[in-house]
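Notes for the one structure printed next.
The values are calculated or read from the model by the stated rules, or taken from the named source; none is laboratory data. Predicted, not measured: the structure shown is a model, and the values here were computed from it. Cβ sites come from the backbone with ideal geometry, for glycine too, and all protein chains shown count toward neighbours. For the accessible areas, the whole protein counts, side chains as well, though only heavy atoms, and no ligand, DNA or RNA atoms are used. Shrake-Rupley method; radii C 1.70, N 1.55, O 1.52, S 1.80 Å.
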Amino acid sequence: MLELDYKKIGIRLKEERLKKNISQEKLAELINMSKEHVSHIECGTTKLSLPTLVKICNALEITPDLLLLDSVYKSKEYLRDEFARLVKDCSELDMRLILEVSKAIINVKK
């Protein structure tokens, strides 16, 4: 049976919260919990419930799979979405370079 790694979940939660420039206090307010509880979740010392996970994801406008990344099997759809987010702001030239590097990696693995 796969165990959830609450520490990694907390780390990814903090990263996403910081990307959105949201403080722990603001997130706590958005999900109707204390700042201390949010801090404990981010440190991995508190297990978060499914309803709390959903509240957090809605507040940060992310999907649960982003936080549970290594707790569930990675789907191709998630990986496609992650790749699209990664190249979203790239120039056409950068995207062509990424494409060529990707092709080279695939050819080496064959």
- [ ] Determine the share of the chain's accessible area contributed by carbon and sulfur atoms, expressed in whole percent, with a 1.4 angstrom probe.
- [x] 58 percent
- [ ] Would you mind working out the magnitude of the charge dipole of the chain relative to its Cα centre, with +1 at each Lys and Arg C-beta and -1 at each Asp and Glu C-beta, to the nearest 20 Debye?
- [x] 240 debye
Task: Between helix 50-60 and the chain: long-axis angle, C-alpha atoms, 0 to 90°, nearest 10 - done: 60 degrees
Task: Listed residues 89, 94 arranged by accessible area, highest first, probe 1.4 Å - done: 89, 94
Task: With Cα atoms, 0 to 90° folded angle of helix 92-109 axis to the chain main axis - done: 80 degrees
- [ ] Quick one: angle between helix 76-87 and the longest Cα principal axis of the chain, in degrees between 0 and 90, rounded to 10, please.
- [x] 80 degrees
- [ ] Return the tail of the calculated pair distribution for the chain, meaning the percent of Cα-Cα pairs more than 18 Å apart.
- [x] 57 percent
- [ ] Give the accessible area for residue 19 in Å² (nearest 10); use a 1.4 Å probe, count only protein heavy atoms, and leave out ligands, DNA and RNA.
- [x] 150 Å²
TODO: Beta carbons within 10 angstrom, averaged per residue: use that to sort the peptides 5-18, 51-64, highest first.
DONE: 5-18, 51-64
